[in-house]
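Let me begin by presenting the structure, written as structure tokens, before commenting on it.
The values are calculated or read from the model by the stated rules, or taken from the named source; none is laboratory data. Values in this document were obtained by computation on a predicted structure and should not be read as measured data. Glycine also receives a Cβ, built like all others from the backbone with ideal geometry; neighbour counts cover every protein chain displayed. When the accessible area is computed, the model is the full protein with side chains, heavy atoms only, and any ligands, DNA or RNA have been set aside. Shrake-Rupley method; radii C 1.70, N 1.55, O 1.52, S 1.80 Å.
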Amino acid sequence: MSKPSQKNYSRFQNAIGYKFKNIALLERALTHSSYANENRAAGVQDNERFEFLGDSILGMNTALYLFNKYPDEPEGELTKMRSSLVCTGALCDRAKAIALGDELRLGHGEESGGGRERPSILADAFEAVIGAIYLDSGEESARNFIKKFVFDAEKGGEWSVTDYKTTLQEIVQKN
């Protein structure tokens with residue numbers, strides 16, 4: 001891993017209510033592949049591995065949360081609820097709420113192309129932050145972040161995000 005920059009990300013850490021012991025983990029979570037590619041000679045690594053880890057942690061915690069919160073719901077409904085909580089649009093909204101886009105390290109092309117507002121980049125970085133928190137201090141800290149920024153953001157069972165893939169599958173299966 002490359003040496004972290006001099007930036008301490010204090011505004012962002014205050015926004016999420018978590019202070020990193022190892023700031024290099026946060027910096028990597030905020031590093032898009034476009035920036036890493038432009039700075040490969042300096043040993044900069046992107047956030048994709050952290051995103052992979054964060055996605056798994058988010059998925060497991062979301063499944064457990066819904067399983068316990070809705071004990072009478074069938075599997076199909078729980079799946080729809082989980083999809084709406086962790087879809088790109090929902091995670092992008094959560095990322096915007098903490099101004100995650102302001103902290104991203106983007107390559108020149110992504111920067112000029114509006115990458116700080118691109119839903120997929122924001123959602124991926126949100127998952128990468130979860131992975132970084134997990135690596136920095138473990139499962140409980142990651143779970144607390146998810147509870148605060150995903151579960152507490154869920155509004156009383158309102159599942160307003162449309163899962164078009166599931167809707168299409170349901171239509172195809174009916175016909």
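Given the range 8-91, what helices (runs of 4 or more DSSP H) lie entirely inside it while holding 3 or more residues that are over 15 Å from the mean Cα position of the chain (by Cα) and under 20 Å from Arg118 (Cα atoms)?
In the range 8-91, the matching helices (runs of 4 or more DSSP H) lie at 33-38.
Among the listed residues Ser141, Ser120, Ser83, which satisfies the condition of being small (Gly, Ala, Ser) and farther than 28 Å from Ala36 by Cβ?
Ser83
If I go through the range 88-126 residue by residue, how many of them are open to solvent by 30 Å² or more (accessible area, probe 1.4 Å), under 22 Å from Ala24 (Cβ atoms) and touching a Cys at 6+ places or on another chain (Cβ under 9 Å)?
Of the residues in the range 88-126, 0 are open to solvent by 30 Å² or more (accessible area, probe 1.4 Å), under 22 Å from Ala24 (Cβ atoms) and touching a Cys at 6+ places or on another chain (Cβ under 9 Å).
Tell me, which helices (runs of 4 or more DSSP H) lie completely within the range 109-175 with 2 or more residues that are modelled with pLDDT of 95 or more?
In the range 109-175, the matching helices (runs of 4 or more DSSP H) lie at 119-137, 139-146.
What residue, of Asp72, Asp46, Asp55, is among the charged types (D, E, K, R) and in contact with a His (Cβ under 9 Å, 6 or more places away or on another chain)?
Just a single option satisfies the conditions, and that option is Asp46.
Find all pairs meeting these conditions: Cβ atoms under 6 angstrom apart; at least six residues apart or on different chains; first residue within the range 122-145 and under 19 Å from Ala90 (Cβ atoms); second residue part of a helix (DSSP H, G or I) and of a type in the set (Asp, Glu).
Asp124/Glu51; Glu127/Glu51; Glu127/Asp55; Ala128/Glu51
Identify all residues within the range 58-87 that are surrounded by fewer than 19 Cβ atoms within 10 Å (Cβ to Cβ), under 22 Å from Glu139 (Cβ atoms) and aromatic (Phe, Trp, Tyr); write none if there are none.
Matches in the range 58-87: Phe67 only.
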